[in-house]
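To start, the structure under review is shown below, and the notes come after it.
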Amino acid sequence: MLSVPRYRKVASIALVAGVGLALAACSTKGDSSTGADGKVTITVDCQPVGAQKDLLRDWNADVDAFQKLHPNITIKSVSVGAQCDNPPDFTARLAGGTVTDVFYGYMTDLQQVLDSGQAQDITQYVTKDTIPTWDSISDGAKGAFTDGGKIYGIPTKNYSMGLLYNKNLFQQAGLDVKNPPKTWAEVRDAAKKIAALGNGIAGYSDYSAGNTGGWHFTAELFSQGGNPVTDDGKKANFNNAQGKQVLQNLKDMRYTDNSMGSKQLLQWPDLLTNAGAGKVGMFVGAPDATTAIVTQFQGKYQDWAMAPLPGQDGAAKGTLGGGEGYFFKKGLSADQVKAGLMWLAYEKLTPGKGQFDYVRSKPENNPVGLPQPQLFTPGSDAFKQDNDLKMANANVTVEDFALFANNPVPIKFEPANAQAIYAILDGAMSAILTDPNANIDDQLKKASDKVDQALAAAK
Amino acid sequence: MTSATMHHETTLPADPAVLRRRSRSGKTRNNLTGYAFLIGAIICFALFSWWPMIRGIIMSFQRTRRGVTTWVGWDNYVRIVQDPSFWTAWKNTAYFTALALILGYAVPFVVAIIFNEFRHAQGYLRVLVYLPVMLPPASALFLFKYYAYDPSDAGLFNAILRFLHLPTSQWMQDPKMAVPAMVLASTWMNMGGAILIYLAALQNIPGDLYEAAELDGAGLFKRIRHVTIPQTKLILSLMAMLQVVATMQLFIEPLILANGAGSQDSATSVAYLIYQHGFFQNDLNGAAALGVIMLLVLGGFSFAYVRLSAKQD
């Protein structure tokens, strides 16, 4: 038996050692590296989470298959929970320096990733050897990951926005499902008729919080022919006739017609929850919003159809395009970068494989046949190959999305520093949708001043 | 006990100088042991409280672009003060703090005094008021958001107002109601803890003080004024300071109830503005500057409060 002082000494040494070990454990570095034997290991994030059983099984199967094809490469998958959907989580990991070797980001994240100093220039490694379909990928999607002619990331998914509408509610309101609104005036008329159904149904719904209000303001501004920032990206450019028209359309529907429902300050899950519950007639969104409505918010594919984004007096002059991709962490070896590119090519950019393996997706009830992603340039080899496979295995009614797919609107990609701009524009959107006395000119002026300041700070 | 220690106890030297030396070395050993036990806490505070604070202060004078960090003097402070939401955030936060002092500070004290008068069922009442504290704050706020503050007629509070033939409210969507609505939810969530602390303080007041006051003809309010308040002054004073410091850090209420800034910045708090700059506007340096301003304001308040309280005592 130890005496009390000795016991204390042992305990204190154990305590100090324990704390030391815990701290050492916290600071343990990842084991991604290039070995002397030519073996390459890379860590990749955004492995599907456990709740996404099919997607997780598919991902793991793809990792196994890829490693068999490339026995010298080991992929270490990392699931980062909500990071892939949640900008603050991403920012925290980036600021904390805990991103994986190949890490996920939005197309709007390039500036932030560059500022963090964690992005590797991969230009010299992006070739047909590493990504065979590179030439088929749309220039717009590539441009979102390119700065000053240097490539810092690879696009893996993209979208453009249109008008999603609930066919059931259209029918109940006596509207023609095959002839959805083409202009904002027609949207307003249809919204009035749908809202007249009562029962808390909003004819048209829109976001005004969590950066999503600014995101949709931008999309609707593009439809008017506007642009949220000047060509040089240094100043706000929405305090003008187009910006006013965007807010006027919303104000008319919200307060003159009372066709947008009383619940506002909505962000992404709020609106989609209402849509899944059959309480939303129309909203602006990308094709995969229907996937979220079905997989996360208990809606049904057969209720939804999609048309091009409306314009003010005719077809929309533009629509918002965005998406996601993967960046490469600074300091990787050439072999690691090549391994990462080959993995992305296999999992995300090859018709018939990975995310484009429609034969596998079809029975899993993952949607096949949606006009998304739009990674490959129409007319390119990869586009044709992907489209043929998609049509052959479609499990959603392709016809419901044909109006959107067959009437493309010019895509305008999100501006640099988009998240900062969106956060500010939320203010204007929320004011117009919650305050009948809000002055459109004042709101645009205030938001414009703030965006000018944010862009000046970002220089 | 080992034979060696037995030997120590049975063969103490008689020389007082040796005894003093031994006593000093024993004290040193005990002190070292004490410090060794403290190391864990010191490391934790140093790593997770002090270092981030120092790092925040350093960052507030820097700017990082393209991975290159440069010193920019007061630029971040100037920029953050010029943010059109800066003064709105401080105004909202001060308004929230003032309302929370009235509701969240006074109400629990009054409720504790009332509970303290009950001879029976005090335990049940304590559990009842403490239940909301056991709910995770996010869950409690979602209850308020989706059920109580639903701006349609289906909302709980609007249904009650309609039943009472009173005008309904848009709650969080109404810029004038956003802060009061956040205070109401926050008070409901947190007052259970304050009530328990006040009750514990009240129950420590010797009964004979009240008896003496009663014999002198003091009524209920005089007893509260001349016995209860002076006897609980220390805890009241401490709770007031903690309340102000906690409410000035208002964050989760706007984040959940208003999905962020609310209508026309009506729910933006200083802490939320820090979050917005740091996590949405790619401006960690600006966020750090605002954090330092907040630290100075709260530190200054706490210092002044403690000094004033000490002077009064």
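The values are calculated or read from the model by the stated rules, or taken from the named source; none is laboratory data. The shown structure was predicted, so the numbers you read here are calculated from the model rather than taken from an experiment. So basically every Cβ, Gly included, is an ideal-geometry build from the backbone, and we count neighbours across all protein chains shown. Calculation scope for accessible area: heavy atoms of the full protein, side chains included, ligands and nucleic acids excluded. Shrake-Rupley method; radii C 1.70, N 1.55, O 1.52, S 1.80 Å.
Its convex hull of Cα atoms gives the stretch A:346-459 a direction-averaged projected area, equal to a quarter of the hull surface, of 11.0 nm².
Name the trypsin sites (Lys or Arg not before Pro) in the stretch A:111-174 that are in a loop by DSSP and that have at most 15 other C-beta atoms within 10 Å, would you? Sparse-neighbourhood loop trypsin sites (Lys or Arg not before Pro): A:Lys128. Per residue, the accessible area of the stretch A:137-192 comes to 38 Å² when a 1.4 Å probe rolls over the protein heavy atoms. Shown for chain B: the carbon plus sulfur share of the solvent-accessible area, taken with all protein chains present and a 1.4 angstrom probe, equals 68%. Of A:Thr91, A:Thr123, the order by accessible heavy-atom surface (1.4 Å probe, DNA, RNA and ligands excluded), from most exposed downward, is A:Thr123, A:Thr91. Divided by 2.2 N^0.38 Å, where N counts the residues, the Cα radius of gyration of the protein assembly as shown comes to 1.14. Here the spin labels are modelled as points 7 Å beyond Cα on the Cα-Cβ line, and at B:Ala310 and B:Ile102 they lie 3.3 nm apart. Here r is the Cβ-Cβ distance between A:Ser77 and B:Ala246 and R0 is 35 Å; the resulting FRET efficiency, rounded to 0.05, is 0.30. Name the residue farthest towards the positive end of the dipole of the protein assembly as shown from the options A:Ala402, A:Ser136, B:Gly286, assuming +1 on Cβ of Lys and Arg, -1 on Cβ of Asp and Glu, about the Cα centre. Farthest towards the positive end: B:Gly286.
Taking the helices alone, the protein assembly as shown has a mean residue ellipticity at 222 nm of -16000 deg cm²/dmol, built from -39,500 (n - 2.57) per DSSP H run of at least 4 residues and averaged over all its residues. Per-atom-type breakdown for chain A gives carbon and sulfur 51% of the accessible area (1.4 Å probe, protein chains only).
The stretch between A:Lys235 and A:Asn393, if pulled fully straight at 0.36 nm per residue, gains 52.3 nm over its current Cα-Cα span.
Counted over all Cα-Cα pairs of chain B, pairs farther apart than 26 Å make up 64 percent. Would you list the membrane-span-like helices of chain B, meaning whole DSSP H runs whose alpha-carbon atoms span at least 30 Å along their axis and whose mean Kyte-Doolittle value is at least -0.5? Once both thresholds are applied, what remains is B:16-45, B:178-203, B:284-312. Modelled label positions at A:Asp89 and A:Asp288, each set 7 Å beyond Cα in the direction of Cβ, lie 1.5 nm from each other. When only alpha carbons are used to place a centre, the stretch B:59-129 and the stretch A:317-371 end up 44 Å from one another. Remark: the stretch A:262-334 carries 33 Å² of accessible area per residue (probe radius 1.4 Å; ligands, DNA and RNA excluded). For chain A, the antiparallel share of DSSP beta bridges with both residues in that region comes to about 65%. Relative to the longest principal axis of the C-alpha atoms of chain A, give the angle of the C-alpha long axis of helix A:334-348, reported between 0 and 90° and rounded to the nearest 10°. Computed tilt is about 40 degrees. Among the residues of the stretch B:127-158, those with an accessible-area drop of 10 Å² or more from chain alone to full protein complex, heavy atoms and 1.4 Å probe, are B:Tyr146, B:Asp150, B:Pro151, B:Ser152. Across peptide B:271-281, the mean count of Cβ atoms from other chains lying within 10 Å of each residue's own Cβ comes to 5. Averaged over A:440-446, how many beta carbons belonging to a partner chain fall within 10 Å of each residue's beta carbon? What the average comes to for A:440-446 is 1. Note on B:His226/A:Asn437: beta-carbon distance plugged into 1/(1 + (r/R0)^6) with R0 of 41 Å gives a FRET efficiency of 0.20. If you take all other residues with their beta carbon under 15 Å from the beta carbon of B:Leu161, and give Lys and Arg +1 and Asp and Glu -1, the sum is -2. Report note on the peptides B:166-175, B:28-37, A:381-390, A:285-294: ranked by the mean count of other C-beta atoms within 10 Å, highest first, their order is A:285-294, B:166-175, A:381-390, B:28-37. Solvent-accessible surface of the stretch B:78-219, averaged per residue with a 1.4 angstrom probe and all protein chains in place: 55 square angstrom. Based on the alpha-carbon gyration tensor of the stretch B:230-313 and its eigenvalue square roots a ≥ b ≥ c, which shape applies: rounded if a/c is under 1.5, prolate if not and a/b is larger than b/c, or oblate? Oblate shape, in that a/c is at least 1.5 and b/c is the bigger or equal ratio. An oblate overall shape is assigned to the stretch A:398-438, the ratio a/c of its alpha-carbon gyration tensor axes (a ≥ b ≥ c) being 1.5 or greater and a/b not exceeding b/c.
Rounded to the nearest 0.05, the FRET efficiency derived from the C-beta distance between A:Lys39 and A:Ala334 at R0 = 22 Å is 0.90. In this assembly, the A-B interface accounts for approximately 3800 Å² of buried accessible surface in total, computed with a 1.4 Å probe and without ligands, DNA or RNA.
With Cβ to Cβ distances under 15 Å as the rule, what net charge do the other residues near A:Leu272 carry (K, R +1; D, E -1)? Within the 15 Å Cβ shell, the charges total -2. By DSSP, what percent of the beta bridges with both residues in the protein assembly as shown are antiparallel, rounded to the nearest 5? Antiparallel: roughly 70 percent of the beta bridges in the protein assembly as shown. One Cα centroid belongs to the stretch B:244-313, the other to the stretch A:40-60; the line between them spans 38 Å. Think of the stretch A:34-124 as having a plus end and a minus end, set by charges on the Cβ of Lys, Arg, Asp and Glu; of A:Gly117, A:Gln47, A:Thr74, A:Thr74 sits farthest toward the positive end of this dipole. Among B:Lys233, B:Lys176, B:Lys222, the largest mean-square fluctuation in a Gaussian network model of chain B, built with springs joining Cα atoms closer than 10 Å, belongs to B:Lys222.
Using all pairs of distinct alpha-carbon atoms, the Kirkwood hydrodynamic radius of chain A works out to 23.8 angstrom. Legend: residues A:His70, B:His165, sorted from most to least accessible area (1.4 Å probe; ligands, DNA and RNA excluded), read B:His165, A:His70. Measuring nothing but alpha carbons in the stretch B:103-181 and taking Rh as the Kirkwood radius, the Rg to Rh ratio lands at 1.07.
Taking a ≥ b ≥ c as the square roots of the eigenvalues of the Cα gyration tensor, an a/c ratio of 1.5 or more together with a/b larger than b/c marks the stretch B:235-282 as prolate.
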